[in-house]
Every structure is written in structure tokens, then in C-alpha cells.
Ligand code: ADP
């Protein structure tokens, strides 16, 4: 190939990259706007159902409940899309900032407190003695913790407890999220990190879900230089372990 050809080709590639980056930004902004509108609908439906605008007829109540359910499904889908976009961020840069893992977990658990209360699942964070700070991407790590805690809540049974622990070992912090919920069958254990996979017992327990969360989680953990593994027994529970280098 001639030198001019190579130059023309690399110019074309650069143009294409800019175009893709622009499209990525547009999709990202539209998805954010979509989620904001869906969240607004959620509160409007809730106000109507709570009778804030006056009593509803049984038929109106049924219709609003149905709309609210399908709105919830859209919120889950759009949130997963946003996380995927975040992971596939074209720059693929992972920021390096000082992160206090204990504080970050506290923030995530606070966000899930009403959901876990609603489902009768207790979140127990066994706080370690002071730990060194991580130098990592806080926003991406937050997605990892959110996905693992959300799954532990979703796939637990009422009255169950979820234990979250952190330990320090071999220049790494090890985060573990342990539930005693529905578990994952031997047969399904090899598939759970694949995009869109949802085990049958998970679909029965929880209709809302896209099967994207764990694939996003694994991509992020590996992007942060860490690793993720799990142990599970059907009908007994699951423990996910994330190792993050210090
Ligand atoms: P989603 O929760 O939306 O289905 P995920 O990608 O987060 O998608 O998880 C993929 C699948 O892995 C789930 O559908 C479920 O079958 C299984 N799974 C993940 N976490 C758990 C858990 N804590 N307990 C039991 N099954 C789980």
C-alpha cells in the first residue's frame, strides 16, 4: 500500500471515529432524557394511585396500575442501556480517583434501603477496620456494587438477609455480596455473565430484568483491573466476590 493510501485511510478512520463518538453522545443524551421522563411518569402514576387528585374508579385504578408496571419495565431497560453506554464509552478511559469503598457502599445501600425494606430483605454491611483508598473509577465501581446488591435483593426471599463484606488481602480489596436466595443451578452457572441471559428461576421470581447487569459488571471489573467470581447453590443462595487491586 502506498503512503498516500495509508494517510487517506487513517483520515477516513479518524472521521468515522468522530461520527461514532457523536452518535454515541446523542444516544446517551436521549436515553438520559427518556429515563427522566419515565421517572416523572412514575411519580404521576403514584400520585393518581394514592388518590392525591381525588378518588379513582376501580377501572381507572386497574388501568393506571398496568401503565405503572409497563413504565417500571421501561425504566429497568433504559437504566441498563445507560449503563451499557457508560461501559462502552468510546474513550474507554477509566478515571483514577481516590475512592473510599466503605463510603461508596454506604451510599449504594442507602439508595436501596426502601426497595429492600419493601421486599422484607435486610442489608447487613459488616464494616471493616479502616482500609486504604482505592485509585479507581468511582462511577463505574458504583455500577458494579449497584448491580450486585440489586440482584441480591431481587433474588432473595422475604425475611432473608444479605451480607456485604470487604477484606484486604494481597494488595487487593475483596468485596463480597452474599445472599441466601434462589441460587443458580449448576447448568446455568456458565451462562450468567452472557448478555441477555436470565435463568428460569430468576424469571419466575422477578419479572423485571434484562440479563445485562452481570455482563456490564464483569466488563467494568475487568476494566478496573480486577476480577469477579461467584459460588452458588440452587435454592440456598449465591455469593459474588469482586477483587480490586489497590
Ligand atoms: P437480570 O437480573 O436483569 O436478569 P443480570 O445480568 O444481573 O440480569 O443477571 C443475569 C442472571 O444471573 C439473572 O437473570 C439470574 O438468573 C442470575 N443471577 C444473578 N445474580 C443472582 C443472584 N444473586 N441470585 C440468583 N441468581 C442470580
Additional length obtainable on full extension of the chain from residue 170 to residue 22, 0.36 nm per residue less Cα span: 49.1 nm
Inter-probe distance in nm under a simple model that places probes 7 Å from Cα toward Cβ, at residue 197 and residue 86: 2.4 nm
Segment residue 222-residue 66, extension gain: residue separation times 0.36 nm, minus the distance between their alpha carbons: 52.2 nm
Paramagnetic reach from residue 100 (point 7 Å along Cα→Cβ, amide N under 14 Å) across the stretch 204-246: none
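Say R0 is 35 Å: what FRET efficiency, to the nearest 0.05, do residue 235 and residue 125 get from their beta-carbon distance? Write down the numbers at each step before the final one.
Details: r = 25 Å, r/R0 = 0.72.
Between residue 235 and residue 125 the formula returns 0.90.
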Point-to-point label distance, residue 135-residue 205, nm (Cα→Cβ direction, 7 Å offset): 3.9 nm
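What's the exposure ranking of 148, 82, going from fewest to most Cβ atoms within 10 Å? Mind dumping the intermediate values first?
Working: 148 26, 82 17.
By the 10 Å Cβ count, ascending: 82, 148.
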Computed lengthening from residue 29 to residue 47, 0.36 nm per intervening residue step minus Cα-Cα distance: 3.7 nm
Per residue convex hull volume, Cα atoms of the stretch 97-245, in Å³: 104 Å³
Relative contact order (percent, whole number), the stretch 97-245, Cα cutoff 8 Å, 6+ residue spacing: 24 percent
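Nearest 5 percent is fine: what portion of the DSSP beta bridges confined to the chain is antiparallel? Numbers along the way, then the final one.
On the way: 25 of 30 bridges.
About 85 percent, rounded to the nearest 5.
All of the numbers you see were taken from the coordinates with simple rules; none came from a lab. If you're wondering where the values come from, they're calculated on a predicted model, not measured in any experiment. Backbone-built Cβ (ideal geometry, glycine too); neighbour counts: all protein chains shown.
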